[in-house]
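Computed from the coordinates by the stated procedures, all read-outs in this text should not be read as laboratory data. These numbers come from a predicted model, not from an experiment. All Cβ positions, even for glycine, are placed from backbone atoms using ideal geometry, and neighbour counts span all protein chains on display.
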Amino acid sequence: MAITGFPYVSVEGDRKVTAANEATRIDLIAGSGVIFDEPTSFACAKISDMMQVTVQPGSALIAGHGIMSDAVETVTIEAADLNNPRIDIIALESNSNTGIRGGRVVVVKGIAATTPIEPALVTTAGISQIKLATLLIPATATTFAPATLTDARTKGTGKHTHPSLTSVNITEAIAPGTARVANIVFGTGNAPTIDSTMPQGTIYIKYLP
């Protein structure tokens, strides 16, 4: 297989870059997820007296495709099962198939059962989905008043952190003749917690006692 690279200046069409090329390039360095430029980015809320969910405006990156919304979206959920509860997923989808070629909010319907489980998200050559929220729908429910909606948004992360790097010691001068040792730590976690790892792709300094 030949080595290819892009983008370069195209001379008479010899260096064309397709949308798929560009999405692949972005996906190499940035993982899928919601971009939290606002805390409410793609946040979901149920309309309690109806079988509907609202999704706030926001931005996201899915498989290298940028998804942006500047208006509240409303999705309708199918009727509850008569005998068992069900879990549905409110998802954000990137769909590159002809006829759609864009982003949209979709509902991934689960299967009603005594102990329901979440349905699988769709991942194909043309479709990728990320979770925004899960919705537990009790049997016979006609409104969302008794339903439980759980925020399931995740933040997109960088992919450029070297897997073998964990920490490296540095020395910081804090006063004449004295020094203080610290670690530069490469985060590997999903969320910052006290005395734990910072988000993947971040670098921070942790001073030692």
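Structural remarks
- Mean Cβ neighbour count within 10 Å, used as a protection proxy, ranking 20-33, 110-123, 58-71 highest first: 58-71, 20-33, 110-123
- Computed from the C-beta positions of Ala113 and Thr18 and an R0 of 45 Å, the FRET efficiency is 0.55 to the nearest 0.05.
- For Ala133, distant residues with modelled amide H under 5 Å away: Ile90, Ala152
- Subtracting the Cα-Cα distance of Asn97 and Ala79 from their residue separation scaled by 0.36 nm leaves 3.6 nm.
- Gain on full stretching of the segment that runs from Thr54 to Thr143 - 0.36 nm per residue minus C-alpha separation: 30.6 nm
- Couplings 3J(HN,Hα) for the range 49-58, derived from phi with the Karplus relation 6.51 cos²θ - 1.76 cosθ + 1.60 (θ = phi - 60°), are 8, 9, 9, 9, 10, 9, 10, 6, x, x Hz, where x marks Gly and Pro.
- Taking other C-beta atoms within 10 angstrom as a stand-in for reagent exposure, Ser96, Ser128 fall in the order Ser96, Ser128, fewest first.
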